[in-house]
Amino acid sequence: MKYFNRSCMACVNLLVAFTLGACVLTSPGETSEPPETELKANLKVPASLPSGEVVKLRFTLINNTDTELYVLKWYTPLEGIAGEIFRVERDGQVIPYEGILAARGDPSADAYVLLNPGESVSAEVDLATAYDFSPAGEYTIAFLSPRISHVAKTEDQMAASVDDLGPVEIPSNSVTVRIGGSSNNRD
């Protein structure tokens, strides 16, 4: 995995837009909507934090099916924050993503996580490493379903190349944290 700083973002965004445009081309009668996966994400943050604190978000991915699923970790907090995977707003204004951008090759088996039926997996990330939480205010955070991802039911169905990847719909709750107040936990 290669990382880029913000000075490369314009070129990378153009490349991603071009690539995603090519990925969503469909035949007549087909839809470009991501397939239903019966995966669900749950987000959790403290209700409030003093300014300048770590903004820890707990991400839990849940398999709501009766079969095991192999889920590509890319563009989820299961791999950390290596791209714009959240929509963050302060008092209704979008806060731009300022973190790293990952360039990737073909996915390997270790890029997947196995979730048995009804099982979940969690990860914590510090949102302050990728978004500016310095001004006081109320921040709303939502997970963005991955535009480049994959879900397989068997190891044989895992993607062999980036050409096999596409958008995956992972519904999620949104959460709110007030920056500049006292620290309390919030579900």
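The numbers here are math on the coordinates, done by the rules we state, and not lab data. Owing to the predicted nature of the structure, the values given are computational and were not obtained by experimental measurement. Glycine gets a Cβ as well: all are built from the backbone with ideal geometry, and neighbour counts include every protein chain shown.
Here are a few things to note about the model shown:
- Residue in the stretch 127-150 that is touching a His at 6+ places or on another chain (Cβ under 9 Å) and of a type in the set (Ser, Thr, Tyr) present: no
- Residue 102 meets the stated requirement of being over 15 Å from residue 58 (Cα atoms), part of a strand (DSSP E or B) and either under 17 Å from the mean Cα position of the chain (by Cα) or not charged (D, E, K, R) (or both).
- Put simply, of 130, 109 the only residue that is of a type outside the set (Val, Ile, Thr) and either buried (at least 18 other Cβ atoms within 10 Å of the Cβ) or over 24 Å from residue 65 (Cβ atoms) (or both) is 130.
- Members of the stretch 45-97 that are assigned to a loop (DSSP other than H, G, I, E, B), under 12 Å from residue 139 (Cβ atoms), in contact (Cβ under 8 Å) with a residue 60 or more places away in the chain and in contact with an Asp or Glu (Cβ under 9 Å, 6 or more places away or on another chain): 55
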